Each structure stands twice: as structure tokens, then as C-alpha cells.
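To keep things clear, I will list the structure first and then write my remarks on it.
Any read-out appearing in this document is the output of simple, stated calculations on the displayed coordinates, not a laboratory observation. Since the model is a prediction, treat every value here as computed from it, not as a measurement. A quick note on method: Cβ atoms are made from the backbone with ideal geometry, for glycine too, and the neighbour counts reach across all protein chains shown.
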């Protein structure tokens, strides 16, 4: 069907508010017009408010992966030692990025689905000095949410620059960049912020920027060299490379919605909705993949029940009930599936998704009492 | 006024067809959905047809500057010698890119407004071996169109990889990648293709790709490392980084419009419209900046008449007549202004722009017989 009424319940890109979609369809304006320059300024200011940071902020055209690269490329020089703390598909990207830029990587790896153990992080930081430490906030492959506030304390105690990828976290869960001592924090536009994909957002603390300014070797990247971008971020009338005008205007609108709702309210909404999804899914006898107590509020990763092919569940949900959920990623493919619930997500979306899951499981012969998951979810959703 | 009825006559971003704008407002779909994967495939195929190339094509999220970086970063290794042929603001970017990636730059520089002299290019290529040669097709700062077919013959004769930036050319003027022996060719989405800004498109010839595959050192970029992207371009179901779903769908629609019109027809339309603008502007006594015979068909760069502040002309055109033209760039600021006429541009846009120019000049006391430029333009536009 071509009526575009599907529910997009994947962990990014997420559904975008009609308010934001309308902005996307606006005739393109000049990238140096007063209107656009003002919008860019506002987007930067709203980014600061979202990240709870007074540091330098950057918005670049490109995916979250470009943001990860900008974080590493500007900080790491050849020979620098970096501790990459990993427990998922996306966390493991950092080691490749550090190596591509000449850094020496030490990996501290946890089982997928297990959270980062801050005690072990401290042990490694005690062993030798590190210039920087990288970690995922929420790894979209496993649905884990790492205790990035506590990891930040460890990084600060050992004077390592603290680099956090919160592509799948910020906007859904608390990220307090300045309070938690995050030196470089990055995300993408297309997850819990609720804008379309194509932009990446970063913050740099004073400490991090001093490191950038004090580099002995030039940044080998050109487009991701943030010193080339700083003048534009300080005054968007300046030119370095043509920004994606419609994406920037859309991001501004999405960030306005975030701030209008309020961060505390938004975190609460995501917490209630996530708990509704988790309890609903579990009421059907399905197991959640990540360790309890460390489950992200932006997505839920159930394991497929024994004897049921998760591809079939997703196919039925999509084709019959028009609810799109994602398959497992990397080594979890075929074993788990992933339900995204962040950004513009509403209680109605959750009810529809759980109902579609129930009906699809029933049709595949898995024993379900109709309405069970939806009922469990409702008990949570009344807290909204 | 907020009715969004301005005429955007700058040399990029350009006005976007309502057909393309509607696509931008479509609810976001999954980047691994059948619908999106099919659209990505079609966009890649249409890109091949636009570039007249059977080579490898790449579409990345980011600006044209990212495309320039991808061209250099994948080909150039530390110590490689590159001849950078320059005659404008954008051509001069290549030297910085080559140096950022460890290459040795020799510059062959021509006056801004003068075309590249192929004889001098040959002389330099004779002096020593070069791994690659870079050149701008159309430099958006000066409005020059370089003879890239002839430069290509020289590059081939001396076995240098031929890298062409046609950000402001392709879609408006002939670019025959395979026939002219262009090894790496790149553009942005927001100029003569008529899509919004935020994507860059590249082609790599077999020779160029052999060089990439045979590198002795790794590419220091990660996001712009095209070997990481090749699997995605061969099968867009694969994942490397999340593509900008709406921009990709919009690009597909814009490329469909390009191919529906036909390349020959499109080149002819741009030639007629450019000639109309040039003759119209000259009929008012204004001088065109770039050398005759080498003026691009995508933009026109008049010099401001003596005694008239070009900022004032542009302000009146914008505020009173709602026609947006661009100021001079770099060392041409204050001395020239720039009229973009590419992509979706129509005869009506040209008439309106020249009328606004006439009226603004009159109001500023410059002697104009009303209707002169429009009349001259009409004599050309009947050729459409």
C-alpha cells in the first residue's frame, strides 16, 4: 500500500513529526540568508540546551559515523593511546576509527548485553596513562544503556578525555555533558531527537578543545577537521562547506519540539513507554536481551521465542499490521529483534506495536492470550 | 514576507522542483526497507547515466567538500605528487586537501577569470611524473568553465589520474566522464541536479579504483574511505552508515527529472538561458568577469558598474523584487555579483531576474532604458 501509514518502530531513523516534515518541504533558501543564519544559530543554541553543555557545539552534514570520526580525528594524534570500552556493534567502531587516525588502541570488551563494569574501567586506567577513553551510551545493537555518569567519574579521576557516543541515547535518556564531565559527546539527528537522518551533532569541552588546539600534527581529515568549522559555528554567516539547508531547518524544528516538551518530561515519557514495551513483551514469555537494570529507554531488544523465526514475526508485523521493527544486528541477527521507541513515539504507537506482535506470534502458532501484552503496557502507560 | 515566493537565483543551492520538495516531506522510511533500497539502486543507476560513466559510483551524505575529500583521500598516499590546476576559490581547495593527506602539491595557477591553458598543463606534466591532476570544471567563484575535455587528453597522455570537480557544471553542461577519460569526477546534489544540499556524488574509473585497491598505506579517513562504502553501493541493503533517507529519495526524484528531460535537451536549455542572461546583462553596459568563450552556462558573474555598490543592487533586488542573487566570493567580493541559472531554472525566472536588475539599477541612478535587458534576453529565449 502506498498511503504511507506504516508505523516505523525501528531504532532509527525514527518517525518524524508532521511539523518537521512540513519544514523539509519548504522551498530551499540561501545558506547565507538572514533567515537561514538565524535558524542555524538557534539550532546551535538548542543543541547546547539538549546536551546541557556550555561547550563548543558543532552540527555537520553527514551520518553519526562522521560524528564519531570527528570526535576521534580531532583529538587523537599518531601514537596516542586510547582505551576503547566496548559492548556492542557500535562501540566496536571506535577502535577502527582510532587506528585509522594512528592511535594505539587498548580494548576493554564486555559481553554483548552486559553493561560496562566501572571497576574494571578503573583498573585499566590505573595500569597506564590514556589520552582518551571511548564508550557508547546506548549500543543500538544490544539495547544496553551503559552507566556513562560513573564511567565519566573514572575518566576524570585518571585525566583521560572522555568521549561518549550517545547516538541512540540523547533526547530519550539523561545525558548531562558538563555535569558528567563528558569531553566529547556526539549524536545523530535521526534517533531520539526526531529529525530526519543526515546531520551529526557534537560538543567539545574546554579541555577537549585545548587538546585540539595544542595538536603537534595536523588533523588528517579535512571535512571533519573541526578547527575549519569553528568559525562557522561561532557565526553561521561564514562559509566552509554548504550546509544541508532543509535538514538544518528540520533539525531546528525538532529541537524546538524537544525543548518545548522539556528534557525532564521527555525522559519520563521515554521511561514510561520503555517500561510499557518491556513488560508487554515479557508478559508474552519473551526474554529481553540486555541485562536488567541496564536496558535503554530508547529501544527494546527481545530474543525470539524458541521455535519461532524472528524474520517471520517481523514479516507478518510489517505486511499485515504495517508495523516496522528491526532485525538483530551483527552477531545477534536471527536471534533477536529490535523495537525502537524514541523521539516522537506515543502511547498509541506502543499499543499498536504490541498488538501487532501478539497477533503475529499467534498466527505463527506461539501461544498467546490475545491482549496480554497490551494490557500489561496499559498499566504502565497510565503513568504518562 | 513569509509566503516563500522568492526567486532563488544564486549559484547553489538552487531552486528545487515541487515534485522533489514533496518527496522531502514524505514520512521517513527504514533505510533497509525494500522501498528505500530500490530507490538507492535507482539513484545510483541514474547517477551513472548523468555522468555518462560505467565506472563505480558513490553517493554519500555530506557536502561537495566531502566529495572533494573522498576523491583525494582515496587516491593520494603520503609523498604522492599531485598537480593542482587552479583558477578560482574552489580549485584552490584541492591543494589543501592533497596536503592534508600527505601529498606533495605542485600548483599551476591561472588568473581568476582566465581559463586553464592546456598547453601549459602539458608543459608541467612533461617536467615530472604526477600521480594525479586536479581541476575545477566550473569554478563557482568566477563563473569560468574550463576545457576539461582537452585537459583530460593531456592527463591521459602523461598517465596522471584525472580528478575533476564539476559541482557547478554537471547537469547544466556536458560532462562525459568515460569519453573524456575522467578518472574521478564529483559533484553535489544542490546545483544543476536540482536536489537539496546534503549529498555528494562521485565516479571512479577502473584505473582510479585499481590505484585505490593497490594502496600501500591505509586511507586515513574513515567516513570518506570508499572501500568501506563500495559494498553498500553494490548492494544498498548492506550497512555502513545510515544514509539520509529523505535526501536520497529527493535526489532520485531530481535525477529522474534530469533523465526525463534528456541530457542534450538540458544542456541546450542551459546554453540558451545562459546566453539570454549574458546578453541581457551586457546590454545594460555591465562587463562579464570571466573570459569570453569560457563562460559557464550555470552562472553569470557580472562586474558591478562603476559608481554603483553591488551590495545595494542585491539588496534592492532582494527586498523589493524578491530575487536573490549572490555576492562576489573571496577576492571578488564587492567587485562582482553572481547570478545562478541552473537546475530547474526557467525562461520566466530569467526574465524576472533581469527585470529586477534593471529596476534596481535605475533606482540607484544608473542609466538604464527600461526593458533593454529583458528584450535582449527574449531574443535568445525564443530558441528554447
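Across the alpha-carbon set of the protein assembly as shown, the Rg to Rh ratio works out to 0.99, Rh being the Kirkwood radius. Computed from Cα positions, the angle between helix A:347-363 and the longest principal axis of chain A comes to roughly 50 degrees. Our summary gives chain A a relative contact order of 23 percent, counting only alpha carbon pairs under 8 angstrom and 6 or more residues apart. Taking other Cβ atoms within 10 Å as a rough exposure proxy, A:53, B:189, B:63 sort from fewest to most as A:53, B:63, B:189.
The mean number of partner chain beta-carbon atoms within 10 angstrom of a residue's beta-carbon across peptide B:10-20 is 3. Note the angle between two axes, namely the Cα long axis of helix B:64-75 and the longest principal axis of the Cα atoms of chain B, as a number of degrees from 0 to 90, rounded to the nearest 10. Once rounded, the angle reads 30 degrees. By the beta-carbon count within 10 Å of each Cβ, the least crowded to most crowded order of A:3, A:183, B:117, fewest first, is A:3, B:117, A:183.
Here r is the Cβ-Cβ distance between residue B:364 and residue A:41 and R0 is 30 Å; the resulting FRET efficiency, rounded to 0.05, is 0.45. Counting neighbouring beta carbons within 10 Å and listing from fewest to most, the residues B:68, A:15 come out as A:15, B:68.
Report, to the nearest 10°, how far helix B:245-261 tilts away from the longest principal axis of the Cα atoms in chain B, using its own Cα long axis and a range of 0 to 90°. Approximately 70 degrees, to the nearest ten.
With the cut-off at under 20 Å, measuring from each backbone N in the range B:279-306 to a point 7 Å along the Cα-to-Cβ line of residue B:312 picks out B:284-287, B:302-306. Hydrodynamic estimate: the Kirkwood radius of chain B over Cα pairs, inserted into Stokes-Einstein at 10 °C and 1.306 mPa s, corresponds to D of 74 µm²/s. Per residue of peptide B:223-232, the mean number of Cβ atoms on other chains within 10 Å of the residue Cβ is 3. Per-residue packing, averaged as other Cβ atoms within 10 Å, sorts the ranges A:323-334, B:350-361 into the order B:350-361, A:323-334, beginning with the highest. How much of the DSSP beta bridge set in the protein assembly as shown is antiparallel, as a percent to the nearest 5? Here the antiparallel bridges make up roughly 50 percent for the protein assembly as shown. If a spin label sat at a point 7 angstrom from the Cα of residue B:157 along the line to its beta carbon, the backbone N atoms of the range B:106-142 nearer than 11 Å would be those of B:118-126. Considering only the range A:18-260, what is the antiparallel percent among its DSSP beta bridges, to the nearest 5? Of the beta bridges lying entirely in the range A:18-260, close to 40 percent run antiparallel. Estimated purely from DSSP H runs of n ≥ 4, each contributing -39500 (n - 2.57), the mean residue ellipticity at 222 nm for the protein assembly as shown is -12500 deg cm²/dmol once divided by its residues. Across peptide A:195-202, the average count of Cβ atoms from other chains found within 10 Å of a residue's Cβ is 5.
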